[in-house]
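**Q** My questions will all concern the structure given below.
The values are calculated or read from the model by the stated rules, or taken from the named source; none is laboratory data. Note that this is a predicted model, so its numbers are computed, not measured. Reconstructed Cβ throughout: ideal geometry from the backbone, glycine too, with neighbour counts over all protein chains shown.
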Amino acid sequence: MRLFFGVVFITVVSVLTASCGSSDNNGTQEPPPPNNESDVVAYVTSASQSMLFKSVPIPFSNKDNMSPYTVTLDPEHKFQQIDGFGAAFTGSTCYNLMKMPADKRNELLRETFDPVNGMGYSYIRISIGCSDFSLSEYTYCDTPGIENFALQEEEIKYIFPVLREILAINPSVKIMASPWTAPRWMKVNNLTELKPFNSWNDGQLNPKYYQDYAEYFVKYIQAMQKEGFRIESITIQNEPLNRGNSASMFMTWQEQRDFIKTALGPKFRENNIKTKIVVYDHNYNYDSEKPDTQDQGSYPLKIYADPEAAQYIDGAAYHAYGGDKSELLNIHNARPDKNLYFTEISIGLWGSGYQFGEDLMWNLKEVGIGTLNNWSKAVIVWNFMLDDKHGPYRPGGCDICLGAIDINSSNYSTYTKNSHFYDIAHLSKVIKPGAYRIQSSDLGIPGLYYVAAKNVDSTFGMVVLNTQTKEQNITINDGTHTFSYKLPAQTVASFSWK
């Protein structure tokens with residue numbers, strides 16, 4: 001039996017014959033509400049885009065049909081509790097959103113974040129200071145001296161209005177914040193020479209400024225709270241083993257351990273900061289191909305090995321630009337008391353170029369379904385919105401990335417929803433914050449991937465991906481109810497039922 005630490009049964013009787021109504025690739029399309037008269041509602045997206053979040057009602061079966069194509073759920077066998085799903089609202093994303101007509105922006109954000117009538121996105125990531133997708137380079141303390149801390153115009157003008165609009169739609173949305181660099185006056189060239197390193201890229205945090213940098217995090221969280229934004233979690237450094245990003249700062253596990261246990265953890269405790277501290281925030285493979293990262297494998301576990309540091313840490317975050325999602329399971333098995341988060345993957349024009357269907361299949365298999373089945377509590381993709389020129393982006397940053405949505409910069413009104421928008425929507429629509437992943441298993445259905453959860457309101461949510469080039473008749477059994485569906489070739493379906 002193939003086991004995904006969760007359980008579900010699927011067999012298909014009904015045939016999906018309807019194609020998606022009107023394509024929303026050049027505008028918004030409010031997802032249809034569930035049919036209250038149906039037992040189950042499915043939302044279906046195909047690699048061919050013939051269906052884009054198509055709503056399909058499905059009845060429960062009158063007989064117990066336990067075919068070889070059955071997925072069985074065990075609601076009593078619970079795993080991690082889910083925090084949510086979403087995307088990064090970078091400076092570039094918020095700039096593009098603020099260029100939209102207010103009514104169109106609000107319509108799009110309602111479709112994205114409304115937990116009842118929309119997709120129900122529930123977790124977003126923002127940068128602490130600039131990122132490689134900002135309009136400029138900045139931190140909140142570019143003048144030496146922590147007393148000079150202040151929020152910056154770029155965020156006040158673009159990011160804060162968007163966050164307020166999101167929270168007005170869904171006040172429960174969680175915010176994770178990550179720095180790309182410390183203020184330059186806190187950086188040195190390396191920890192041996194300790195020479196000042198006045199650069200946005202690379203460098204390391206000077207240990208003599210550990211206390212100031214910890215105070216920087218405290219001031220940031222307090223300032224954001226005053227603006228009405230509660231920061232749920234912070235990571236210590238975005239991609240700490242990437243020296244070449246714009247902006248960036250190199251930070252080994254040894255440095256994160258020492259910074260947390262001697263400065264950040266005590267500062268949070270002293271100031272009654274409840275924001276979760278999350279370590280790492282980089283690739284599964286720890287960028288092991290680089291000469292200066294050979295001792296960085298199992299990065300979070302090495303920090304957790306120090307109980308003084310571990311007491312302050314909620315868990316670790318990962319990206320999928322290198323290595324395999326199985327590393328999440330390795331980390332969980334070693335430290336099941338610590339949480340896991342998936343915090344970044346982008347789409348773009350690298351390799352053979354972007355293809356909607358190919359990315360839809362890969363990201364749901366490897367990131368959406370894959371990381372959840374390996375104990376991740378959240379799934380967050382990279383830029384929510386970029387323009388048709390892949391930006392704005394910083395020199396040295398990615399100039400061929402795509403957003404979950406790409407907007408036409410000639411009018412800031414028409415836009416294209418890319419695969420990432422639907423990847424997250426298929427999770428967030430049916431698996432709600434607070435849900436527990438539950439056991440799901442089958443007898444070896446080829447090309448079928450899935451994850452199942454039980455929500456706080458006792459509804460079930462399940463996302464099923466058929467990567468085969470032919471349709472598959474599947475049956476789902478939750479121990480009480482059974483229903484069947486004919487899942488078309490290379491298609492994802494999200495099911496919701498009570």
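**Q** Which one of these is within 25 Å of GLY265 (Cβ to Cβ) and polar (S, T, N, Q): GLN152, GLN204? Talk me through it step by step, then tell me what you get.
**A** Values: GLN152 fails: within 25 Å of GLY265 (Cβ to Cβ).
Matching residue, one of GLN152, GLN204: GLN204.
**Q** Right, another one. Please verify whether segment 209-223 includes one or more residues that are part of a loop (DSSP other than H, G, I, E, B) and buried (at least 21 other Cβ atoms within 10 Å of the Cβ).
**A** Within segment 209-223 (the criterion being part of a loop (DSSP other than H, G, I, E, B) and buried (at least 21 other Cβ atoms within 10 Å of the Cβ)), the answer is no, since none of the residues qualifies.
**Q** Could you please let me know if ILE277 is surrounded by 20 or more Cβ atoms within 10 Å (Cβ to Cβ) and either out of contact with any helix residue (DSSP H, G or I) (no Cβ under 6 Å at 6 or more places or on another chain) or modelled with pLDDT of 95 or more (or both)? First the steps, then the outcome.
**A** Values: surrounded by 20 or more Cβ atoms within 10 Å (Cβ to Cβ): yes; either out of contact with any helix residue (DSSP H, G or I) (no Cβ under 6 Å at 6 or more places or on another chain) or modelled with pLDDT of 95 or more (or both): yes.
It is true that ILE277 is surrounded by 20 or more Cβ atoms within 10 Å (Cβ to Cβ) and either out of contact with any helix residue (DSSP H, G or I) (no Cβ under 6 Å at 6 or more places or on another chain) or modelled with pLDDT of 95 or more (or both).
**Q** Also: Search segment 380-408 for residues that are on the phi > 0 side of the Ramachandran plot and pair each with any residue that is part of a loop (DSSP other than H, G, I, E, B) and among the small types (Gly, Ala, Ser) when their beta-carbon atoms are under 6 Å apart and the residues are at least 6 apart or on different chains.
**A** So the pair list comes out as GLY396/SER246.
**Q** Looking at (1) buried (at least 22 other Cβ atoms within 10 Å of the Cβ); (2) modelled with pLDDT of 95 or more; (3) in the same structural domain as VAL464 (by TED's automatic domain parsing), can you tell me which one TYR123 breaks?
**A** Answer for TYR123: the failing condition is (3).
**Q** Restricting attention to segment 238-253, does a residue exist that is acidic (Asp, Glu) and in a loop (DSSP other than H, G, I, E, B)? Give the steps one after another, and end with the answer.
**A** First, the residues of segment 238-253 that are acidic (Asp, Glu): 239.
Okay, now just the ones that are also in a loop (DSSP other than H, G, I, E, B), so 239.
There is at least one residue in segment 238-253 that is acidic (Asp, Glu) and in a loop (DSSP other than H, G, I, E, B).
**Q** Further, regarding this structure: Tally the residues that are in contact with a Leu (Cβ under 9 Å, 6 or more places away or on another chain) and either surrounded by fewer than 23 Cβ atoms within 10 Å (Cβ to Cβ) or among the hydrophobic types (A, V, I, L, M, F, W, C) (or both), restricting the search to segment 383-398.
**A** Final tally of qualifying residues: 5.
**Q** Another question, then. Any idea which of SER67, SER46 is at pLDDT 75 or above and either among the hydroxyl-bearing types (Ser, Thr, Tyr) or surrounded by fewer than 17 Cβ atoms within 10 Å (Cβ to Cβ) (or both)? Walk me through how you get there before you give the answer.
**A** Values: SER67 fails: at pLDDT 75 or above.
One residue alone meets the criteria, SER46.
**Q** Output the number of residues of segment 86-105 satisfying the condition of being assigned to a helix (DSSP H, G or I) and touching a residue at least 60 places away in the same chain (Cβ under 8 Å).
**A** First, the residues of segment 86-105 that are assigned to a helix (DSSP H, G or I): 91-99, 102-105.
After this cut, where a residue has to be touching a residue at least 60 places away in the same chain (Cβ under 8 Å) as well, the list is 91-99, 104-105.
Going through segment 86-105 one residue at a time, the tally reaches 11.
**Q** Can you name every residue in segment 143-179 that is over 21 Å from the mean Cα position of the chain (by Cα), crowded, with 16+ Cβ neighbours inside 10 Å and assigned to a loop (DSSP other than H, G, I, E, B)?
**A** Hits for segment 143-179 are PHE149, LEU151, GLN152.
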